[in-house]
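Scroll down for the structure; my scribbles are underneath it.
The values are calculated or read from the model by the stated rules, or taken from the named source; none is laboratory data. Since we're looking at a predicted model, the values are computed, not measured. Glycine gets a Cβ as well: all are built from the backbone with ideal geometry, and neighbour counts include every protein chain shown. Calculation scope for accessible area: heavy atoms of the full protein, side chains included, ligands and nucleic acids excluded. Shrake-Rupley method; radii C 1.70, N 1.55, O 1.52, S 1.80 Å.
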Amino acid sequence: MSGKLFGTDGVRGRANSYPMTAEIALKLGAAAGRYFRTDGQNRHRVVIGKDTRLSGYMLENALTAGLASTGMNVLLLGPVPTPAVGFLTRSMRADLGIMISASHNPHQDNGIKFFGPDGFKLSDEAQDEIEHILAGTIEPTQPQNIGRAKRIDDARGRYVEYAKTTFPVLGGLAGLKVVVDCANGAAYRAAPEVLWELGAEVIPVGVSPDGFNINQECGSTYTQTAAEAVVQHGADMGICLDGDADRVMIIDENGQVADGDQIMALMASRWAANDTLKGGTLVATVMSNLGLERYLQGQGLNLHRTAVGDRYVVEAMRANGWNLGGEQSGHIVMTDYATTGDGLIAGLQFLAAMVDTGKPASELTQSFETVPQKLTNVRYAAGQEPLSTETVKAAIAAGEEKLKANGRLLIRKSGTEPLIRVMGECEDQALLDAVIGDIVTAVERAV
(Lines give C-alpha, C1' and ligand atoms only; values in the text may rest on other atoms or scores of the structure.)
Protein backbone atom coordinates (compact mmCIF):
# COMPACT_ATOMS: atom_id res chain seq x y z
CA MET A 1 0.00 0.00 0.00
CA SER A 2 1.31 3.45 -0.90
CA GLY A 3 0.02 6.98 -0.57
CA LYS A 4 -2.59 8.40 1.77
CA LEU A 5 -5.74 6.29 1.89
CA PHE A 6 -8.28 8.79 3.25
CA GLY A 7 -9.40 11.79 1.22
CA THR A 8 -11.76 14.62 2.14
CA ASP A 9 -14.68 12.20 2.51
CA GLY A 10 -13.40 8.81 3.57
CA VAL A 11 -11.80 6.34 1.17
CA ARG A 12 -12.96 6.45 -2.42
CA GLY A 13 -12.01 5.06 -5.81
CA ARG A 14 -12.99 2.82 -8.70
CA ALA A 15 -14.57 -0.43 -7.55
CA ASN A 16 -12.26 -3.47 -7.66
CA SER A 17 -9.23 -1.22 -8.13
CA TYR A 18 -6.99 0.10 -5.37
CA PRO A 19 -8.06 1.25 -2.85
CA MET A 20 -11.64 0.02 -3.35
CA THR A 21 -10.79 -3.68 -3.37
CA ALA A 22 -12.08 -6.46 -1.14
CA GLU A 23 -8.57 -6.90 0.26
CA ILE A 24 -8.22 -3.27 1.33
CA ALA A 25 -11.79 -3.20 2.69
CA LEU A 26 -11.01 -6.29 4.78
CA LYS A 27 -7.87 -4.66 6.22
CA LEU A 28 -9.64 -1.34 6.69
CA GLY A 29 -12.42 -3.05 8.64
CA ALA A 30 -9.88 -4.80 10.83
CA ALA A 31 -7.95 -1.55 11.42
CA ALA A 32 -11.10 0.35 12.30
CA GLY A 33 -12.19 -2.47 14.58
CA ARG A 34 -8.84 -2.46 16.35
CA TYR A 35 -9.00 1.34 16.74
CA PHE A 36 -12.44 1.28 18.36
CA ARG A 37 -12.18 -2.00 20.27
CA THR A 38 -9.60 -1.03 22.84
CA ASP A 39 -10.55 -3.44 25.64
CA GLY A 40 -11.33 -7.12 26.05
CA GLN A 41 -15.11 -6.81 26.19
CA ASN A 42 -17.18 -8.28 23.39
CA ARG A 43 -19.98 -5.72 23.46
CA HIS A 44 -18.64 -3.44 20.71
CA ARG A 45 -20.85 -2.92 17.70
CA VAL A 46 -20.69 -1.25 14.30
CA VAL A 47 -23.52 -0.37 11.92
CA ILE A 48 -22.94 -0.58 8.16
CA GLY A 49 -25.17 1.05 5.56
CA LYS A 50 -24.75 1.22 1.80
CA ASP A 51 -26.23 2.67 -1.34
CA THR A 52 -27.36 0.63 -4.34
CA ARG A 53 -24.10 0.04 -6.23
CA LEU A 54 -23.34 -3.54 -7.23
CA SER A 55 -19.92 -3.31 -5.59
CA GLY A 56 -21.57 -2.57 -2.26
CA TYR A 57 -22.15 -6.29 -1.68
CA MET A 58 -18.44 -7.06 -2.05
CA LEU A 59 -17.28 -4.23 0.18
CA GLU A 60 -19.96 -4.88 2.81
CA ASN A 61 -18.86 -8.51 3.19
CA ALA A 62 -15.16 -7.64 3.27
CA LEU A 63 -15.63 -4.94 5.89
CA THR A 64 -17.78 -7.29 7.95
CA ALA A 65 -15.09 -9.97 7.92
CA GLY A 66 -12.38 -7.50 8.95
CA LEU A 67 -14.46 -6.00 11.74
CA ALA A 68 -15.57 -9.38 13.10
CA SER A 69 -11.96 -10.58 13.13
CA THR A 70 -11.17 -7.94 15.75
CA GLY A 71 -14.24 -8.70 17.86
CA MET A 72 -16.73 -6.13 16.55
CA ASN A 73 -20.39 -7.15 16.25
CA VAL A 74 -21.72 -5.95 12.90
CA LEU A 75 -25.26 -4.69 12.30
CA LEU A 76 -26.08 -4.54 8.58
CA LEU A 77 -28.58 -1.80 7.71
CA GLY A 78 -28.92 -2.45 3.98
CA PRO A 79 -29.57 0.47 1.57
CA VAL A 80 -30.10 3.61 3.68
CA PRO A 81 -29.09 7.26 3.25
CA THR A 82 -25.75 8.41 4.64
CA PRO A 83 -27.47 10.61 7.28
CA ALA A 84 -29.38 7.54 8.44
CA VAL A 85 -26.06 5.88 9.27
CA GLY A 86 -25.06 8.88 11.38
CA PHE A 87 -28.44 8.82 13.12
CA LEU A 88 -28.48 5.05 13.72
CA THR A 89 -24.87 4.93 14.91
CA ARG A 90 -25.87 7.17 17.77
CA SER A 91 -29.38 5.85 18.43
CA MET A 92 -28.24 2.20 18.42
CA ARG A 93 -25.27 3.02 20.67
CA ALA A 94 -22.74 1.72 18.17
CA ASP A 95 -19.03 2.44 18.53
CA LEU A 96 -18.66 3.00 14.81
CA GLY A 97 -20.80 3.66 11.76
CA ILE A 98 -19.79 2.95 8.17
CA MET A 99 -21.45 4.07 4.95
CA ILE A 100 -20.48 2.37 1.69
CA SER A 101 -21.08 4.92 -1.05
CA ALA A 102 -19.40 7.16 -3.60
CA SER A 103 -22.17 9.72 -3.22
CA HIS A 104 -22.84 11.48 -6.56
CA ASN A 105 -20.21 9.51 -8.53
CA PRO A 106 -21.17 6.91 -11.19
CA HIS A 107 -21.71 3.26 -10.30
CA GLN A 108 -18.15 2.26 -11.21
CA ASP A 109 -16.89 4.12 -8.14
CA ASN A 110 -17.45 3.40 -4.48
CA GLY A 111 -16.33 4.69 -1.12
CA ILE A 112 -16.21 4.03 2.61
CA LYS A 113 -17.13 6.75 5.12
CA PHE A 114 -16.67 6.39 8.87
CA PHE A 115 -18.76 7.83 11.70
CA GLY A 116 -17.81 7.93 15.36
CA PRO A 117 -20.09 6.90 18.25
CA ASP A 118 -21.52 10.44 18.36
CA GLY A 119 -22.78 10.02 14.78
CA PHE A 120 -20.36 12.58 13.31
CA LYS A 121 -17.76 11.78 10.66
CA LEU A 122 -14.36 10.88 12.04
CA SER A 123 -11.74 13.57 12.49
CA ASP A 124 -8.56 13.69 10.41
CA GLU A 125 -6.65 12.51 13.48
CA ALA A 126 -8.83 9.42 13.92
CA GLN A 127 -8.58 8.57 10.22
CA ASP A 128 -4.81 8.98 10.32
CA GLU A 129 -4.61 6.60 13.29
CA ILE A 130 -6.73 3.98 11.49
CA GLU A 131 -4.48 4.30 8.47
CA HIS A 132 -1.43 3.88 10.73
CA ILE A 133 -2.91 0.71 12.24
CA LEU A 134 -3.69 -0.62 8.75
CA ALA A 135 -0.07 -0.13 7.66
CA GLY A 136 1.17 -2.34 10.49
CA THR A 137 0.30 -5.83 11.72
CA ILE A 138 -3.26 -6.07 12.98
CA GLU A 139 -3.63 -8.63 15.74
CA PRO A 140 -6.90 -10.60 15.43
CA THR A 141 -9.00 -11.33 18.48
CA GLN A 142 -9.16 -14.70 20.23
CA PRO A 143 -11.53 -17.29 18.67
CA GLN A 144 -14.06 -16.96 21.47
CA ASN A 145 -14.26 -13.18 20.89
CA ILE A 146 -14.87 -13.13 17.12
CA GLY A 147 -17.75 -10.80 16.32
CA ARG A 148 -21.17 -11.68 15.01
CA ALA A 149 -23.08 -10.14 12.11
CA LYS A 150 -26.81 -9.74 11.58
CA ARG A 151 -29.17 -7.74 9.42
CA ILE A 152 -31.37 -5.03 10.94
CA ASP A 153 -34.73 -5.26 9.19
CA ASP A 154 -36.21 -2.02 10.52
CA ALA A 155 -33.26 0.32 9.88
CA ARG A 156 -35.01 2.25 7.13
CA GLY A 157 -38.21 2.45 9.17
CA ARG A 158 -36.35 3.94 12.14
CA TYR A 159 -34.94 6.68 9.93
CA VAL A 160 -38.28 7.33 8.22
CA GLU A 161 -40.02 7.85 11.55
CA TYR A 162 -37.27 10.17 12.76
CA ALA A 163 -37.24 12.24 9.55
CA LYS A 164 -40.99 12.83 9.90
CA THR A 165 -40.49 14.31 13.38
CA THR A 166 -38.29 17.07 11.93
CA PHE A 167 -41.11 18.59 9.89
CA PRO A 168 -41.92 21.70 11.95
CA VAL A 169 -45.37 22.70 10.64
CA LEU A 170 -48.65 21.26 11.87
CA GLY A 171 -50.91 19.80 9.21
CA GLY A 172 -48.20 18.11 7.20
CA LEU A 173 -48.00 18.28 3.42
CA ALA A 174 -51.63 17.72 2.49
CA GLY A 175 -52.49 19.40 -0.80
CA LEU A 176 -48.92 19.54 -2.11
CA LYS A 177 -47.73 17.57 -5.12
CA VAL A 178 -44.01 16.77 -4.82
CA VAL A 179 -41.60 15.15 -7.26
CA VAL A 180 -38.78 13.35 -5.46
CA ASP A 181 -35.79 12.13 -7.47
CA CYS A 182 -33.86 9.54 -5.47
CA ALA A 183 -31.08 9.05 -8.06
CA ASN A 184 -31.70 5.28 -8.02
CA GLY A 185 -29.74 5.43 -4.80
CA ALA A 186 -29.89 4.90 -1.07
CA ALA A 187 -33.11 6.86 -0.41
CA TYR A 188 -35.16 5.20 -3.17
CA ARG A 189 -37.62 3.87 -0.61
CA ALA A 190 -37.15 6.11 2.43
CA ALA A 191 -37.70 9.50 0.79
CA PRO A 192 -41.01 8.72 -0.99
CA GLU A 193 -42.27 7.05 2.19
CA VAL A 194 -41.55 10.10 4.36
CA LEU A 195 -43.21 12.53 1.94
CA TRP A 196 -46.27 10.33 1.42
CA GLU A 197 -46.74 9.65 5.12
CA LEU A 198 -46.61 13.41 5.78
CA GLY A 199 -49.53 13.81 3.38
CA ALA A 200 -48.01 14.83 0.04
CA GLU A 201 -48.99 13.50 -3.35
CA VAL A 202 -45.68 11.97 -4.41
CA ILE A 203 -44.31 11.52 -7.92
CA PRO A 204 -41.21 9.31 -7.46
CA VAL A 205 -38.31 9.44 -9.92
CA GLY A 206 -35.11 7.39 -9.83
CA VAL A 207 -36.53 4.67 -7.60
CA SER A 208 -35.64 1.58 -9.65
CA PRO A 209 -32.00 0.78 -8.79
CA ASP A 210 -30.35 -2.10 -10.61
CA GLY A 211 -26.80 -1.81 -9.27
CA PHE A 212 -25.62 0.20 -12.26
CA ASN A 213 -27.98 3.17 -12.72
CA ILE A 214 -27.25 5.14 -9.57
CA ASN A 215 -26.90 8.87 -10.46
CA GLN A 216 -27.41 7.99 -14.14
CA GLU A 217 -29.34 10.85 -15.77
CA CYS A 218 -31.10 11.54 -12.47
CA GLY A 219 -30.48 12.99 -9.04
CA SER A 220 -28.91 16.20 -7.76
CA THR A 221 -26.18 16.27 -10.42
CA TYR A 222 -28.64 15.74 -13.30
CA THR A 223 -31.72 17.76 -12.42
CA GLN A 224 -33.26 17.74 -15.91
CA THR A 225 -35.20 14.54 -15.25
CA ALA A 226 -36.86 15.88 -12.10
CA ALA A 227 -37.46 19.29 -13.67
CA GLU A 228 -39.29 17.67 -16.58
CA ALA A 229 -41.37 15.60 -14.17
CA VAL A 230 -42.32 18.69 -12.14
CA VAL A 231 -43.58 20.51 -15.23
CA GLN A 232 -45.25 17.44 -16.74
CA HIS A 233 -47.20 16.60 -13.59
CA GLY A 234 -47.91 20.18 -12.54
CA ALA A 235 -46.12 19.57 -9.25
CA ASP A 236 -45.58 22.26 -6.64
CA MET A 237 -41.87 21.50 -6.38
CA GLY A 238 -39.23 18.83 -6.71
CA ILE A 239 -36.58 17.40 -4.41
CA CYS A 240 -33.44 16.01 -6.10
CA LEU A 241 -31.21 13.81 -3.95
CA ASP A 242 -27.87 12.28 -4.84
CA GLY A 243 -26.86 8.62 -4.60
CA ASP A 244 -26.47 8.57 -0.82
CA ALA A 245 -29.05 11.32 -0.13
CA ASP A 246 -26.77 13.70 1.74
CA ARG A 247 -27.21 16.34 -0.99
CA VAL A 248 -30.29 18.09 -2.34
CA MET A 249 -31.30 20.44 -5.12
CA ILE A 250 -34.75 22.04 -5.14
CA ILE A 251 -36.86 22.42 -8.31
CA ASP A 252 -39.53 25.12 -8.36
CA GLU A 253 -42.94 24.75 -10.02
CA ASN A 254 -41.51 26.09 -13.30
CA GLY A 255 -38.71 23.54 -13.45
CA GLN A 256 -35.99 25.98 -12.34
CA VAL A 257 -33.21 24.70 -10.10
CA ALA A 258 -32.11 26.15 -6.75
CA ASP A 259 -28.71 25.04 -5.45
CA GLY A 260 -27.45 24.73 -1.90
CA ASP A 261 -26.63 28.43 -1.60
CA GLN A 262 -30.22 29.49 -2.25
CA ILE A 263 -31.56 26.81 0.09
CA MET A 264 -29.19 27.92 2.86
CA ALA A 265 -30.10 31.58 2.33
CA LEU A 266 -33.78 30.80 2.83
CA MET A 267 -33.16 28.64 5.88
CA ALA A 268 -30.74 31.10 7.50
CA SER A 269 -33.17 34.01 7.18
CA ARG A 270 -36.09 31.94 8.49
CA TRP A 271 -34.10 30.52 11.39
CA ALA A 272 -32.79 33.99 12.26
CA ALA A 273 -36.34 35.38 12.24
CA ASN A 274 -37.37 32.57 14.60
CA ASP A 275 -34.30 33.20 16.78
CA THR A 276 -33.04 29.66 16.19
CA LEU A 277 -29.94 30.44 14.07
CA LYS A 278 -27.20 30.06 16.63
CA GLY A 279 -24.59 32.81 16.64
CA GLY A 280 -26.31 34.55 13.73
CA THR A 281 -23.93 32.59 11.50
CA LEU A 282 -24.18 30.34 8.45
CA VAL A 283 -21.20 28.11 7.70
CA ALA A 284 -20.38 27.50 4.02
CA THR A 285 -17.30 26.68 1.97
CA VAL A 286 -15.06 28.76 -0.24
CA MET A 287 -17.19 27.59 -3.19
CA SER A 288 -20.36 29.39 -2.08
CA ASN A 289 -21.39 32.35 -4.21
CA LEU A 290 -20.49 35.92 -3.31
CA GLY A 291 -24.16 36.75 -3.68
CA LEU A 292 -24.93 34.58 -0.65
CA GLU A 293 -22.34 36.42 1.42
CA ARG A 294 -23.75 39.81 0.42
CA TYR A 295 -27.32 38.68 1.12
CA LEU A 296 -26.43 37.52 4.62
CA GLN A 297 -24.60 40.75 5.34
CA GLY A 298 -27.75 42.63 4.35
CA GLN A 299 -29.70 40.52 6.84
CA GLY A 300 -27.23 41.31 9.61
CA LEU A 301 -25.93 37.72 9.54
CA ASN A 302 -22.45 36.27 9.21
CA LEU A 303 -21.00 33.83 6.66
CA HIS A 304 -18.12 31.71 7.92
CA ARG A 305 -16.22 29.97 5.09
CA THR A 306 -14.33 26.68 5.35
CA ALA A 307 -12.39 24.39 3.04
CA VAL A 308 -14.46 22.35 0.60
CA GLY A 309 -16.06 19.30 2.17
CA ASP A 310 -19.08 18.95 4.41
CA ARG A 311 -16.87 17.41 7.10
CA TYR A 312 -15.01 20.72 7.45
CA VAL A 313 -18.30 22.60 7.58
CA VAL A 314 -19.45 20.37 10.43
CA GLU A 315 -16.15 20.75 12.29
CA ALA A 316 -16.49 24.55 12.22
CA MET A 317 -20.12 24.31 13.34
CA ARG A 318 -19.29 22.07 16.27
CA ALA A 319 -16.26 24.10 17.33
CA ASN A 320 -18.29 27.31 17.49
CA GLY A 321 -21.73 26.11 18.50
CA TRP A 322 -23.36 27.02 15.15
CA ASN A 323 -26.25 24.91 13.87
CA LEU A 324 -26.63 25.60 10.13
CA GLY A 325 -24.14 25.13 7.32
CA GLY A 326 -23.55 23.46 4.02
CA GLU A 327 -22.24 23.60 0.49
CA GLN A 328 -23.34 25.03 -2.82
CA SER A 329 -23.43 21.43 -4.09
CA GLY A 330 -26.41 20.72 -1.85
CA HIS A 331 -24.99 19.39 1.41
CA ILE A 332 -27.19 21.10 4.00
CA VAL A 333 -26.08 20.40 7.57
CA MET A 334 -28.57 21.06 10.38
CA THR A 335 -26.99 19.85 13.61
CA ASP A 336 -30.28 20.31 15.46
CA TYR A 337 -31.52 17.38 13.35
CA ALA A 338 -28.61 15.48 11.81
CA THR A 339 -24.88 14.89 12.15
CA THR A 340 -24.12 15.25 8.45
CA GLY A 341 -25.74 16.62 5.31
CA ASP A 342 -29.31 15.35 4.97
CA GLY A 343 -30.99 16.05 1.64
CA LEU A 344 -34.40 14.77 2.69
CA ILE A 345 -34.62 16.73 5.94
CA ALA A 346 -33.38 19.85 4.11
CA GLY A 347 -36.14 19.27 1.57
CA LEU A 348 -38.64 19.07 4.41
CA GLN A 349 -37.39 22.40 5.74
CA PHE A 350 -38.03 23.95 2.34
CA LEU A 351 -41.50 22.42 2.20
CA ALA A 352 -42.19 23.77 5.68
CA ALA A 353 -41.38 27.27 4.38
CA MET A 354 -43.86 26.75 1.54
CA VAL A 355 -46.60 25.59 3.92
CA ASP A 356 -45.85 28.27 6.51
CA THR A 357 -45.75 31.21 4.08
CA GLY A 358 -48.18 30.01 1.43
CA LYS A 359 -45.67 31.11 -1.20
CA PRO A 360 -44.80 29.06 -4.29
CA ALA A 361 -41.36 27.50 -4.55
CA SER A 362 -40.30 30.04 -7.18
CA GLU A 363 -40.60 32.86 -4.64
CA LEU A 364 -38.56 31.01 -2.03
CA THR A 365 -35.66 30.00 -4.29
CA GLN A 366 -34.57 33.50 -5.25
CA SER A 367 -33.34 35.03 -2.00
CA PHE A 368 -30.37 36.68 -3.71
CA GLU A 369 -28.96 37.43 -7.13
CA THR A 370 -25.94 35.28 -7.84
CA VAL A 371 -22.63 36.74 -8.93
CA PRO A 372 -21.62 35.09 -12.24
CA GLN A 373 -19.63 32.00 -11.36
CA LYS A 374 -17.84 29.56 -13.63
CA LEU A 375 -16.41 26.15 -12.73
CA THR A 376 -14.40 23.98 -15.11
CA ASN A 377 -12.90 20.61 -14.19
CA VAL A 378 -9.71 19.27 -15.75
CA ARG A 379 -8.86 15.59 -15.26
CA TYR A 380 -5.27 14.56 -14.62
CA ALA A 381 -3.44 11.25 -14.38
CA ALA A 382 -1.95 9.64 -11.28
CA GLY A 383 1.40 11.13 -10.37
CA GLN A 384 0.81 14.42 -12.17
CA GLU A 385 0.98 17.72 -10.26
CA PRO A 386 -0.23 20.34 -12.76
CA LEU A 387 -0.71 23.04 -10.11
CA SER A 388 2.99 22.97 -9.32
CA THR A 389 4.12 23.87 -12.85
CA GLU A 390 5.41 27.38 -13.51
CA THR A 391 3.10 27.96 -16.48
CA VAL A 392 -0.01 27.16 -14.41
CA LYS A 393 1.21 29.29 -11.52
CA ALA A 394 1.78 32.18 -13.93
CA ALA A 395 -1.69 31.79 -15.47
CA ILE A 396 -3.30 31.84 -12.01
CA ALA A 397 -1.32 34.92 -10.97
CA ALA A 398 -2.32 36.71 -14.17
CA GLY A 399 -5.97 35.81 -13.62
CA GLU A 400 -5.92 37.12 -10.05
CA GLU A 401 -4.43 40.39 -11.26
CA LYS A 402 -7.17 40.80 -13.89
CA LEU A 403 -10.00 40.13 -11.45
CA LYS A 404 -8.55 42.13 -8.54
CA ALA A 405 -11.37 43.48 -6.37
CA ASN A 406 -14.09 42.62 -8.92
CA GLY A 407 -14.11 38.89 -8.21
CA ARG A 408 -12.13 35.95 -6.96
CA LEU A 409 -10.46 32.73 -8.09
CA LEU A 410 -10.38 29.32 -6.43
CA ILE A 411 -8.13 26.69 -7.98
CA ARG A 412 -7.87 23.38 -6.17
CA LYS A 413 -7.61 19.62 -6.43
CA SER A 414 -10.80 17.66 -5.90
CA GLY A 415 -10.72 15.61 -2.73
CA THR A 416 -12.74 12.76 -4.25
CA GLU A 417 -11.69 12.55 -7.93
CA PRO A 418 -8.48 13.17 -9.97
CA LEU A 419 -9.68 16.62 -11.06
CA ILE A 420 -8.36 20.15 -10.92
CA ARG A 421 -11.31 22.42 -10.21
CA VAL A 422 -10.93 25.90 -11.73
CA MET A 423 -13.56 28.25 -10.31
CA GLY A 424 -13.97 31.99 -10.54
CA GLU A 425 -16.53 34.69 -9.80
CA CYS A 426 -16.82 38.14 -11.35
CA GLU A 427 -19.54 40.66 -12.18
CA ASP A 428 -18.10 40.88 -15.71
CA GLN A 429 -19.04 37.58 -17.37
CA ALA A 430 -16.80 38.13 -20.41
CA LEU A 431 -13.78 38.83 -18.23
CA LEU A 432 -14.58 35.79 -16.10
CA ASP A 433 -14.81 33.53 -19.15
CA ALA A 434 -11.48 34.79 -20.45
CA VAL A 435 -9.66 34.34 -17.13
CA ILE A 436 -11.03 30.84 -16.53
CA GLY A 437 -10.29 29.87 -20.14
CA ASP A 438 -6.64 30.93 -19.85
CA ILE A 439 -6.12 28.97 -16.63
CA VAL A 440 -7.89 25.87 -17.94
CA THR A 441 -5.74 25.94 -21.07
CA ALA A 442 -2.59 26.15 -18.95
CA VAL A 443 -3.69 23.23 -16.77
CA GLU A 444 -4.64 21.11 -19.79
CA ARG A 445 -1.21 21.67 -21.32
CA ALA A 446 0.43 20.62 -18.06
CA VAL A 447 -1.32 17.23 -17.88
Cα-centre dipole for the chain with unit charges at Cβ (Lys and Arg positive, Asp and Glu negative), debye to 20: 1180
Only Lys, Arg (+1) and Asp, Glu (-1) charged, at Cβ; region 292-396 dipole about Cα centre in debye: 220
222 nm mean residue ellipticity, helices alone, for the chain (DSSP H n ≥ 4; -39,500 (n - 2.57); rounded to 500): -11500 deg cm²/dmol
Carbon/sulfur fraction of accessible area - the chain, other protein chains in place, 1.4 Å, %: 48
Are there GluC sites (Glu not before Pro) in region 386-447 that DSSP marks as loop and that have at most 15 other Cβ atoms within 10 Å, and which are they? E427
Considering the options P360, A235, L301, tell which one lies farthest towards the positive end of the dipole of the chain, charges being +1 on Lys and Arg and -1 on Asp and Glu at the Cβ, about the Cα centre. L301
The long-range amide H neighbours of L277, using H built 1.01 Å from N in the peptide plane and a cut-off of under 5 Å, are A272
How high is the relative contact order of region 173-215, in percent, counting Cα pairs under 8 Å that sit 6 or more residues apart? 52
Once all protein chains are kept in place, R421 shows an accessible area at probe 1.4 Å, nearest 10 Å², of 30
Let me make sure I get this right: for the chain, a, b and c are the square roots of the gyration tensor eigenvalues over alpha carbons, sorted descending. Under 1.5 in a/c it's rounded, otherwise prolate if a/b > b/c, else oblate. Which is it? oblate
Using Cα positions and a limit of under 16 Å, work out the lysines in reach of K402, with same-chain residues fewer than 8 apart set aside. K374, K393
Enter the accessible area per residue of the chain (Å², integer; probe 1.4 Å; all protein chains in place). 40
Among rounded, prolate and oblate, which fits region 404-447 when a ≥ b ≥ c are the square roots of the eigenvalues of its C-alpha gyration tensor, a/c under 1.5 means rounded, and a/b larger than b/c means prolate? oblate
Along Cα→Cβ, 7 Å out, is where each label goes; now give me the distance between the ones at N302 and R14 in nm to one decimal. 4.5
So how do W271, W196, W322 rank on accessible area, 1.4 Å probe, biggest first, that is with the largest at the start? W196, W322, W271
Which of rounded, prolate, oblate describes region 208-276, given a ≥ b ≥ c as roots of the alpha-carbon gyration tensor eigenvalues and a/c under 1.5 marking rounded, otherwise prolate only if a/b is larger than b/c? oblate
Name the residue, out of I138, I263, I332, whose mean-square fluctuation peaks in a Gaussian network model built on the chain with Cα pairs under 10 Å. I138
Of D109, D244, D310, which is the most mobile in a GNM of the chain whose springs link Cα atoms less than 10 angstrom apart? D109
Take the chain, connect every pair of alpha-carbon atoms lying under 10 Å apart with a spring to form a Gaussian network, then pick out the residue of Q256, Q328, Q429 with the largest mean-square fluctuation. Q429
Lys and Arg at +1, Asp and Glu at -1: neighbours of N184 with Cβ under 15 Å from its Cβ sum to -3
Give me the dipole magnitude in Debye, nearest 20, for region 59-211 about the Cα centre, with unit charges on the beta carbon: positive for Lys and Arg, negative for Asp and Glu. 520
Give me the extension gain from D128 to K393: residue separation times 0.36 nm, minus the current Cα-Cα distance, reported in nm with one decimal. 92.4 nm
